[in-house]
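The values are calculated or read from the model by the stated rules, or taken from the named source; none is laboratory data. If you're wondering where the values come from, they're calculated on a predicted model, not measured in any experiment. Cβ atoms come from the backbone with ideal geometry, glycine included; neighbour counts cover every protein chain shown. Heads up: the accessible areas ignore ligands, DNA and RNA and are worked out on the full protein's heavy atoms, side chains in. Shrake-Rupley method; radii C 1.70, N 1.55, O 1.52, S 1.80 Å.
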Amino acid sequence: MALTDPAPPTHFIKRIIEEDLKTNKYDGRVMTRFPPEPNGYLHIGHAKSICLNFGLAETYGGLCNLRFDDTNPTKEEFEYVESIKEDVHWLGFDWDDRLYYASDYFEQLFDYAVQLIKKGKAYVDSLSAEEIKEYRGTLTEAGKESPYRNRSIEENLDLFRRMRAGEFQDGTHVLRAKIDMASGNLNMRDPVMYRILHAEHHRTGNKWCIYPMYDWAHGLCDSIEKITHSICTLEFEDHRPLYDWFLEELGVYQPQQIEFARLNLTHTVMSKRKLLRLVEEGYVRGWDDPRMPTISGLRRRGYTPEAVKDFSERIGVAKKDSMVDIKLLEWCIREDLNKHAPRVMGVLRPLRVVIENYPEDQVEELEAINNPENPTMGTRMVPFSRVLYVERDDFREDPPKKWFRLAPGREVRLRYGYYITCVDVVKDKKTGEVVELRCTYDPATKGGWSPDGRKVRGTLHWVSAGHAIEAEVRLYDHLFLKANPEEVEEGGDFKSNVSPNSLEVLQSCRLEPSLAGATPKSRYQFERLGYFCPDPDSSVSKLVFNRTVTLRDTWAKIEKKMKEEIKQ
RNA sequence: UGGGGGAUCGUCUAGCGGUAGGACGCAUGACUCUGGAUCAUGCUACGGGGGUUCGAAUCCUCCUCCCCCAGCCA
């Protein structure tokens, strides 16, 4: 490649905006919005949209509004509004005083509808829902016009006002736009603008009993807020002609809608409906279960906003349907935490080690580096004593090739400690299970160096048995076995692909004492194991840690490969 | 047999008429008191056929495949 700097990352939406800025299309303004419906928790796909909308405003000196599309009172709740605000803030974005709701505009939307009726472009239809469906036609056949389509303007006005006044039952009438029942675009076949819903709205209470449909409200809300670039997902592409029709008939300000492909991630699902089912049917503990792809789940899992934003940047923006490998997300969080997380030692599956030649009552404080990637993070002292715990996985009675951890007769280094050699293995007489290792240490190797320069390949993490604190540790794996959970047998559904091993809870893990009092916002690397953070379930008497992500595990790959070679 | 979109390494994505680049992933090696990190090297990609052109992933054309739409959901 050329020796010049790489081109700055760009995508088609940026290009459109830059072109609009150049031609002064919106007087040089850039105004975007993030418009969630408060009917569920936000997930990483929304994070992509948030980063896009707020990010675009940021880079082009514009603003991004937060607007709740709360046009369906039967599905929306205040709880969701609060969680969404929290999630957007957590990602590091702010809407200042520009927090809006579609419901703020209900009165104006009603007036606009009256205008359309007066223009003869909207009518009250009294067909039932089933009839409307029949009249709509199919993908390949034109629809039929409703017998109520040509009511007089006066009658429409009267009916529509009485709809608002609450004179009719749910489902008896709707207001429809009068467009074209033969259009190839089904959205243009006289779409419903208002339905009667005697339901209490989380913000407007019982003020209204007719509610605007999304298609009627959305484009107008954008127009009212003078949005320049209304960015949404691909499935709204063929709604655009409808939004433009409304705007043109009303003669109001017209934003530009741009569609991009929503995010799909391997080994998880991304629809609110499916996530809700996982919650309701008990596959996970809640919306913020650390296995969920929700923003609250990622947060609880230990992801940082920086990692999520970095991920959003790296996946790009395009119109092609795609499925991003979850390994990229995992790489992003490792990348961030590697630089910032302090290192500590913790033993997940403890195996007792007694150092026979180490003095009974002696305790030494050994200096350990907090983060080799960042020396300014300093050092800490870790207690060492005669009885320790090491990881059960770090001992093999019958070690395979290339094994350089502990085994009978093998010498290893204890990180920041001493070289120790396994001299005996104590087993449970009944079960044969290894319960203790008897080792000797070389006093000359204090700190982890040998004066004679002899090499040890293995370095193990450890904790002093007498000083360690106990904790529960929750290990997470992908929620779904298959990369694409939708890939199911005939008649099956995505839940048949839920992984039985997505959560493993370990009790009696032993952590170095510096971890006492760790708070939920802190994150650590447990050396050689992965990144962990305290779970909100932690109490003063009991710490609970979540594993955010493992470290890259080269040994696991070597062993897997060796096993495969043996099979062949 | 309607309408609207989309096809570039395994995955995401650049490329916008000048001979396919990056990231993740994977593989091999170096280094290492984390089998981490880091570094180095490598990895069968332009859906297919015609055409235009000195030259096509880019332009034209035909075809194929994939996605979305028939809520009084958003």
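A few notes on this one:
- For A:N65, the residues whose amide H sits under 5 Å from its own are A:T32, A:R33, A:F34, ignoring neighbours fewer than 5 places away on the same chain, with H placed 1.01 Å from N.
- Neighbour cut-off at most 11 other Cβ (10 Å), DSSP loop, GluC sites (Glu not before Pro), the stretch A:269-318: A:E281
- At least 30 Å along the helix axis (C-alpha) and Kyte average at least 1.0, DSSP helices within chain A: none
- Backbone N within the stretch A:451-477 under 18 Å of label point (7 Å from A:E559 Cα along the Cβ vector): A:457-462, A:475-477
- Packing order of peptides A:233-239, A:117-123, highest average first: A:117-123, A:233-239 (average count of other Cβ atoms within 10 Å over each peptide's residues).
- Calculated from backbone phi, Karplus (6.51, -1.76, 1.60) coupling profile of the stretch A:415-432 in Hz, x at Gly/Pro: 3, 6, x, 10, 7, 10, 10, 7, 10, 7, 10, 9, 10, 5, 4, 7, 8, x
- Sequence of A:W216, A:W245 from largest to smallest accessible area, 1.4 Å probe: A:W245, A:W216
- Accessible surface of chain A [probe 1.4 Å, protein heavy atoms]: carbon and sulfur percent: 49
- Amide N of the stretch A:208-230 lying under 17 Å from the label point, which is placed 7 angstrom from the Cα of A:K121 along Cα→Cβ: A:213, A:215-224
- Look at where the Cα atoms of the stretch A:249-275 and of the stretch A:338-356 average out, and the two centres are 45 Å apart.
- Since only A:L543, A:W216, A:P408 are under comparison, the one whose Cα sits farthest along the positive direction of the charge dipole of chain A, derived from C-beta charges on Lys, Arg, Asp and Glu, is A:P408.
- Here the spin labels are modelled as points 7 Å beyond Cα on the Cα-Cβ line, and at A:E200 and A:T172 they lie 2.3 nm apart.
- Taking every DSSP beta bridge that has both ends in the stretch A:13-260, the antiparallel portion is near 50%.
- When peptides A:520-527, A:167-174, A:288-295, A:93-100 are sorted by average Cβ neighbour count within 10 Å, with the highest value leading, the order is A:288-295, A:520-527, A:167-174, A:93-100.
- In the stretch A:13-260, the ratio of gyration radius to Kirkwood radius, Rg to Rh, stands at 0.98 when only Cα atoms are counted.
- Listed pairs A:K339/A:K521; A:K401/A:K427; A:K495/A:K563 exceeding 28 Å between Cα atoms: A:K495/A:K563
- Other-chain or far-sequence residues with amide H under 5 Å of A:L265's (modelled H): A:V324
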